[in-house]
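Asks: Pasting a structure here, questions to come.
The values are calculated or read from the model by the stated rules, or taken from the named source; none is laboratory data. Everything quoted here is computed from the prediction, not taken from an experiment. So basically every Cβ, Gly included, is an ideal-geometry build from the backbone, and we count neighbours across all protein chains shown. To get the accessible areas, we keep the full protein, side chains included, count just its heavy atoms, and leave off ligands, DNA and RNA. Shrake-Rupley method; radii C 1.70, N 1.55, O 1.52, S 1.80 Å.
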Amino acid sequence: MENKEKKVIYYSRTYRHLKINTAGSILYFCLLVLPVLILFIFNMNHITHFMSKCAVNVLGKLYPGIPLYIRKDNFSILGKMEFVELPTVYPSTAFCVINFIIVLLLVFFCCTGSRKGRPVSIYMTIMLVVHIINCIYFIFAANYFPYNAFQYSNLYIKQQIGIWLTFIVMMGLVTAIQGSKALVWKILSFFSVLAYSFLFGFARYILFLYIIQEFSIIYMALMFFAFGPFFDFLYLVGIYGFFMDKVIKFYESAKGKGAWRWS
C-alpha cells in the first residue's frame, strides 16, 4: 500500500481569526451599502407604485368586475409608499368550521408518529395553531375582527419596506466584516439576498392579495405569521450560508490562508 506523505501541514484553526481591516470595511460599506440604502429610500415610492401596479394588472385580469385602486400612505419620516386597495371578502361560518376541522387534523398529523418533535413539525404546529385561533375568532366573533383587506395590503407594504431596509443594512454589515479578501463573493452575497428579497416580495404580495380575495380574509394571520418576516429570514440565512461556504473555501485555500492572524 502506497504511503502518501503530506507535504504541508497547516496549523489548527483554534487559535486563528481573520484580520480586521477597519478602513476597508468602512470603505466597502460607504461605497456599496450606503448608496444602495439611499437609492432605495429615495425611490421607495416608485418601487411600491410599480409593485402595486403589477398587482392591480394581475388581479384585474382575474377579477375584472372588482374595483382595485392604488392608494398612497406615509412610511414614517422616510417618505411615501403606495399599496392596493381592494374589497374585503369575509368567510362564511361553514367555511370557518371546515378550516377548523382540517387544521385540527393537520395538527394531529404533525404531533404523532415519527413526525413528533421534529423541527418542521413543531414549526407547522405553531403556525397551524395560529390559524385555529383565527378560525375560532371568525366562528364566534366575526363582526369584531379588527382588520380588512385594505389594512392588510397597507400593512404588507410597510412590512416589506421594513424587511428591505433591514436586509440592506444587515447584509451590508455582515459582508463588510468578512475579511479583506473574497470581495467578489461578498458583493454577490449582498446583491443576491436583495434581488431575491425584491422578487419574492413582489410575487408574494400578488399571491397574498389573490388568496384573501379568492378565499377571504381568514388567512390573513396565517400569511402574516407563517410566511411573513420569519420566512424572509429563513431564505436570508440560506442564501448567506451558501455564499459563506464559498468564502470559507477561499480562506481555506492556499491563496486565502494569508488572511488569517494567529493568537
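Asks: Would you call L165 at pLDDT 90 or above, surrounded by fewer than 17 Cβ atoms within 10 Å (Cβ to Cβ) and under 30 Å from K61 (Cα atoms)? Before the answer, list the steps.
Replies: Numbers: at pLDDT 90 or above: yes; surrounded by fewer than 17 Cβ atoms within 10 Å (Cβ to Cβ): yes; under 30 Å from K61 (Cα atoms): no.
No, not satisfied.
Asks: Has region 171-186 got at least one residue that is touching a helix residue (DSSP H, G or I) at 6+ places or on another chain (Cβ under 8 Å), β-branched (V, I, T) and modelled with pLDDT of 90 or more?
Replies: No, region 171-186 contains no residue that is touching a helix residue (DSSP H, G or I) at 6+ places or on another chain (Cβ under 8 Å), β-branched (V, I, T) and modelled with pLDDT of 90 or more.
Asks: If I filter region 53-68 down to residues being free of Cβ contacts under 8 Å to residues at least 40 places away in the same chain and open to solvent by less than 70 Å² (accessible area, probe 1.4 Å), which single residue comes out as nearest to L188 (Cα to Cα)? Don't jump to the end; show me each part of the working.
Replies: First pass over region 53-68, keeping only residues free of Cβ contacts under 8 Å to residues at least 40 places away in the same chain: 53, 56-57, 60-61, 64-65, 67-68.
Okay, now just the ones that are also open to solvent by less than 70 Å² (accessible area, probe 1.4 Å), so 56, 60, 67-68.
On the way: V56: 32, G60: 36, P67: 41, L68: 38 Å.
So, considering only residues that are free of Cβ contacts under 8 Å to residues at least 40 places away in the same chain and open to solvent by less than 70 Å² (accessible area, probe 1.4 Å), the one nearest to L188 (Cα to Cα) is V56.
Asks: Scan (1) surrounded by fewer than 17 Cβ atoms within 10 Å (Cβ to Cβ); (2) of a type in the set (V, I, T); (3) more than 30 Å from L105 (Cβ to Cβ) for the single condition I126 breaks and write down its number.
Replies: It is condition (3) that I126 fails.
Asks: I'd like to know if region 61-69 contains one or more residues that are of a type outside the set (G, A, S) and assigned to a helix (DSSP H, G or I).
Replies: yes
Asks: Would you please name the residue that is surrounded by the most Cβ atoms within 10 Å (Cβ to Cβ), looking only at residues in region 139-162 that are aromatic (F, W, Y) and not in a helix (DSSP H, G or I)? Walk me through it before giving the result.
Replies: Looking only at region 139-162, we keep the residues that are aromatic (F, W, Y), and these are 140, 144-145, 147, 150, 152, 156.
Those still in the list that are not in a helix (DSSP H, G or I) too: 145, 147.
Details: F145: 17, Y147: 14.
So, considering only residues that are aromatic (F, W, Y) and not in a helix (DSSP H, G or I), the one surrounded by the most Cβ atoms within 10 Å (Cβ to Cβ) is F145.
Asks: Now, a different point. Search region 148-160 for residues being farther than 19 Å from I66 by Cβ and of a type outside the set (D, E, K, R), and hand back the single one that is farthest from the chain's Cα centre (by Cα).
Replies: If we filter region 148-160 for residues that are farther than 19 Å from I66 by Cβ, which is where we start, we get 155, 157-160.
Now narrow it down to the ones that are of a type outside the set (D, E, K, R): 155, 157, 159-160.
On the way: L155: 15, I157: 13, Q159: 10, Q160: 8 Å.
In this case the residue turns out to be L155.
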